[in-house]
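These notes are about the structure you will find just below.
The values are calculated or read from the model by the stated rules, or taken from the named source; none is laboratory data. Just so you know, these numbers come straight off a predicted model, no measurement behind them. Cβ coordinates were reconstructed from backbone atoms using ideal geometry, including for glycine residues, and neighbour counts include every protein chain displayed.
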Amino acid sequence: MRNRRLVLVGIAAAVVVAVALGVAFALGAFRSDAERARDSVTALMESYVVPVPDEEGNEPDDAAWPADDYGDAATMEALGTYGVDADEWHRHCLKNLSYEVGEAAVEGDTATVSVIVTNASLSAATEVAGAEFSTFSSTQEAEDVYAQGGKAALFDSLVQRVYAHLDANESPVTTTVDVPCAKGEDGTWTPQVGGNEAFFSALYGGSNVIAGLAPAA
């Protein structure tokens with residue numbers, strides 16, 4: 001009887017170990033550093049994907065948006081003086097964003113993950129919108145807009161033209177960029193994109209938002 005109990009206890013212990021291992025695998029405890037680095041970059045890229053609302057206008061609860069850093073603080077500071085809403089601006093800028101996370105190269109506590117990024121060109125959209133606005137500015141309609149709302153109204157007209165060209169995805173640009181990552185003491189990997197000109201240029205379709213809206217070199 002005693003032996004039978006020992007057997008049952010042994011089986012129970014084995015089941016507990018199996019369940020624990022299953023949970024560990026499910027939580028990614030045994031994933032390689034390369035896989036974890038790729039996971040962290042995938043999560044980063046997802047935070048730039050504009051959530052699509054349902055028929056009732058509700059966005060999914062599990063959407064990663066908004067991202068922590070859009071790389072354009074200086075640009076948004078200038079646009080904000082004209083009343084441009086940052087969330088609306090970013091939603092138009094990234095509406096057509098798509099990406100593909102590639103392989104990770106790991107060396108110690110650092111890694112780089114290759115990402116193919118495709119998006120409408122912000123610099124192209126602003127260039128075309130600016131040309132249209134230049135023609136518009138000499139019309140009676142522009143004078144009427146200014147009379148009703150001043151410089152802010154005219155600037156809003158320019159911004160709406162930028163939005164229209166971004167939404168139309170007229171000049172998509174595909175760029176391959178390496179995203180650097182660092183491994184923390186707890187084993188988690190974190191993408192290091194703050195101030196990364198190449199990364200944010202790729203994100204905005206070859207537009208250097210860190211330095212302004214100049215086309216990427």
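List of remarks:
- Condition met for THR118 (farther than 30 Å from GLY187 by Cα and exposed (fewer than 12 other Cβ atoms within 10 Å of the Cβ)): no
- None of VAL193, VAL162, VAL209, VAL177 is surrounded by 17 or more Cβ atoms within 10 Å (Cβ to Cβ), within 27 Å of SER137 (Cβ to Cβ) and within 15 Å of the chain's Cα centre (by Cα) except VAL209.
- Hey, VAL159 in the same structural domain as THR176 (by TED's automatic domain parsing), touching a residue at least 40 places away in the same chain (Cβ under 8 Å), assigned to a strand (DSSP E or B) and of a type outside the set (D, E, K, R) or not: no
- Some residue of the stretch 177-188 being in contact with a strand residue (DSSP E or B) (Cβ under 6 Å, 6 or more places away or on another chain), touching a residue at least 12 places away in the same chain (Cβ under 8 Å) and of a type in the set (Ser, Thr, Tyr): no
- Residues (part of a strand (DSSP E or B) and of a type in the set (D, E, K, R)) located in the stretch 90-108: GLU100, GLU103, GLU107
- Any hit, the stretch 183-192, residues being of a type outside the set (Asp, Glu), touching a Pro at 6+ places or on another chain (Cβ under 9 Å), modelled with pLDDT of 95 or more and assigned to a loop (DSSP other than H, G, I, E, B): yes
- Within the stretch 125-138, residues that are under 20 Å from HIS90 (Cβ atoms) have Cβ atoms under 7 Å from residues that are among the aliphatic types (A, V, I, L, M) and surrounded by 13 or more Cβ atoms within 10 Å (Cβ to Cβ) in these pairs: ALA125/VAL162; ALA125/LEU166; THR126/VAL162; THR126/LEU213; ALA129/LEU158; ALA129/VAL162, counting only partners at least 6 apart in sequence or on another chain.
- Residue match in the stretch 102-111 (condition: assigned by TED's automatic domain parsing to the domain that holds PRO191, closer than 15 Å to LEU203 by Cα, touching a strand residue (DSSP E or B) at 6+ places or on another chain (Cβ under 9 Å) and of a type in the set (D, E, K, R)): no
- Residues being touching a Gly at 6+ places or on another chain (Cβ under 8 Å) and either among the basic types (Lys, Arg) or surrounded by fewer than 16 Cβ atoms within 10 Å (Cβ to Cβ) (or both) - total across the stretch 70-85: 1
- Of all residues in the stretch 19-32, none are at pLDDT 85 or above, under 22 Å from VAL115 (Cα atoms), not hydrophobic (A, V, I, L, M, F, W, C) and not in a loop (DSSP other than H, G, I, E, B).
- Selected residue [in a loop (DSSP other than H, G, I, E, B), of a type in the set (A, V, I, L, M) and either in contact with a Ser or Thr (Cβ under 6 Å, 6 or more places away or on another chain) or crowded, with 17+ Cβ neighbours inside 10 Å (or both)] from ALA67, ALA111: ALA67
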